[in-house]
1. Can you pull the mean other chain C-beta count within 10 Å for peptide B:419-428?
2. With N denoting the number of residues in the range B:39-102, provide Rg(C-alpha) divided by 2.2 N^0.38 Å, to two decimal places.
3. Please give the average number of partner chain Cβ atoms lying within 10 Å of the Cβ of each residue in B:162-174, rounded to a whole number.
4. Give me the one-decimal nm value for the distance between modelled label points at B:D368 and B:K283, 7 Å along each residue's Cα-to-Cβ direction.
5. Starting from the Cα-Cα distance between B:V479 and B:N30, subtract it from 0.36 nm times their residue separation and give me the gain in nm to one decimal.
6. Note the per residue figure in Å³ for the convex hull of the C-alpha positions in the range B:59-192.
7. If you build the convex hull over the alpha carbons only and average its shadow over all orientations, what do you get for the range B:312-366? Give it in nm² to one decimal.
8. For chain B, give the magnitude of the charge dipole about the Cα centre (Cβ charges: +1 Lys/Arg, -1 Asp/Glu; no others), in debye to the nearest 20.
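Each reported figure results from applying straightforward, stated rules to the coordinates on display, with no laboratory input. Computed from a predicted structure; not experimentally measured. When we count neighbours, we look across all protein chains shown, and the Cβ atoms used for this are built from the backbone with ideal geometry, even at glycine.
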Amino acid sequence: MIASAAQLHQPVAPGPPRPGGAVVIGIGNPILSDDGIGWRVAEQVEAVLRARGDALAGQRVHVRRMCLGGLALAEALVGYEHAVLIDAILTGSTRPGTVYRFGISDLPATLNTASSHDMTLAGALATLRRLGAPLPPDNGIRVIAIEAEDVWTFGEACTPRVARSVARAVQAVLDELAARPAGQTASADL
Amino acid sequence: MTRITIDPITRLEGHGKIEIFLNDQGDVENCYFQVPELRGFEVFCVGRPAEEMPRLTSRICGVCPEAHMMASAKALDALYGVEPPPAGKKLRELLYSAFYVTDHTTHFYALGGPDFVVGPDSPAAERNILGVIAKVGLEIGGQVIAARKRNHHVIEMIGGRAIHPVAALPGGMSHPITEEQRREILDIARQNVEFAQFTIDLFHNVVLANSAYVEMITSPAYTLRTYYMGLVDEHNKVNFYDGLVRVVDPDGVEFARYMPVEYTDHVAEHVEPWTYLKFPYLKKLGWHGFVEGKGSGIYCCTPLSRLNAADGMATPLAQAEYERMYETLGGKPVHFTLATHWARIIELLYAAERMVELAEDPEVASPDVRTLPTKKPTEGVGIVEAPRGTLTHHYVTDENGILLEANLIVGTTNNYAPIQMNIKRAAESLIHGGQVSDGILNRIEMAFRAYDPCLSCATHSLPGQMPLEIVIRDSSGQVVQRLSQNID
């Protein structure tokens, strides 16, 4: 019953990515106002990649939406070389709609990257790496966070200032994909 | 783009916050565990077709979408007055058992277990799954991840998606499974039983074999005498998916046994001015403040509560371990909050065994998985046991099935009063004459963690593992000490 290396090395979904593949994950609760901003941005990123009409887009960059943090989020990165996470953040110190970029090493606890039921994303990544799972290197995991205003009220729409940040956040995600480490340049992928 | 540094205290604001007030002697006078509540769920739901509810409510939080989907589907069965065919019901329970295996496994190895396996006084940085791996071996970590993966696969096969399954409909399920899938699930279920047995052995070898741990589990600081609630089958055995709600008193004597639709006769909610979250209590006993014992309406529903409220487990291996737990801890009911960890892995074993039973039944692969609703909808209540407590969904609709009212009592909310009382008790044992013992944060966290409170339902954005802030104030209200867990 010991898990084989092969079992651990497969991503849960949506199927084995090709080497060099990237995953973009919008994180949050899509029915909790600004908490759903990660989903909105991910939807737009997917639309942009599709519109570019590159046959490779679907194969080299997977776009997903999730509302789980911790271990489940780390498991979703298995098998990829590059990941961009999009999430809401509440610093309370900047204008709602402000777009931040973080590396995983200075990842703040955005609203959803951690889980109160297992561990932080950093802890989960460390655990999976310890178990030999192929994960993106730290410099291959980037976080685009958007300052939220209301993450307490059920609703499918973001507040106006946060909603207006979508285009800027989408561009930030595309920039991150384009700036992938040497050897994995994004131009051919997008 | 701005680069910022975020102060952990700032982030904690508005999240799990514990305020401890001391009296003139410097002992604990009062304790408040505050959580902000999400707003507007009912407003969000009203006016929508009721059949959207299994998908909508499973979005309330990302931790137990399967539980919301099941409670919602059962509420819809009741709303439309329709009984799912046997295969539809069995498929739901099979999916739900796989979910329990995943959830309880993750809790034990990543959250609850590290306190014991690594040790309650070890540094917080080591009290995690990596610490467990360091102590008991790398292959254990692999087994935890493999268990999650194979059971997510089961959830995907039956529920349509691994995360946020969508297949439950009023009257049953949207699609059957194939005979081949049934055999695959049976194989997975058998692996689960083996893994659950391994987990129980680990608990015995590491926790119960250590007298210091047993002493801590049975210490007054972690003891609370309340009523206990849980779903039971017709033989009063623990059931997660279906049955009657049974409540026993602090002596273990049956106090109530009722149908889900009767819940409003039995449970009411108390409001305190200092928190948005309500405190459910047993209506017939009334609210008498944060007091334990037979006269108080405070009840608890956790894995331990479910075992206390039942007469046993419906599967043989889990039943044997159930008996072993009560023999070891001095008979029923057990009031030791930390024994919840033991109860949780007994439930893990039951869920695994139940999966085998269901997957062995050829009927589970029958194509007859749904009874089409034909009656006009009016009102329906659905109750399941979520991993963190009894979960109630209650809908009222017009004759077109459009929601007029929706009420939810989520698992953790049931336990809000006991959590609050457990925290206070742990604080009382660690603060004397104004002196705050080292390690109070860890010890209070342990009381808190036994419940695995899912504040995601009540509050959403808990940013870390256990992002509690504890503020201790003297009798004049001045802050004496402020403690918080670092979030990396």
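1. On the way: counts 0, 0, 0, 0, 0, 0, 0, 0, 0, 0.
Partner-chain Cβ atoms within 10 Å, mean over residues of B:419-428: 0.
2. Values: Rg = 12.7 Å, N = 64, 2.2 N^0.38 = 10.7 Å.
The range B:39-102 yields a ratio of 1.19.
3. On the way: counts 3, 9, 4, 0, 0, 0, 0, 0, 0, 0, 0, 0, 0.
Other-chain Cβ atoms within 10 Å of each residue's Cβ, averaged: 1.
4. 3.8
5. Values: separation 449, 0.36 × 449 = 161.64 nm, distance 1.40 nm.
In short, 160.2 nm is gained.
6. On the way: hull volume 15.2 nm³, N = 134.
Value for the range B:59-192: 114 Å³ per residue.
7. Details: hull surface 16.1 nm².
Averaging across all directions leaves 4.0 nm² for the Cα convex hull.
8. Values: 43 positive and 61 negative charges, 122 e Å.
Using only the charged Cβ atoms, the result is roughly 580 debye.
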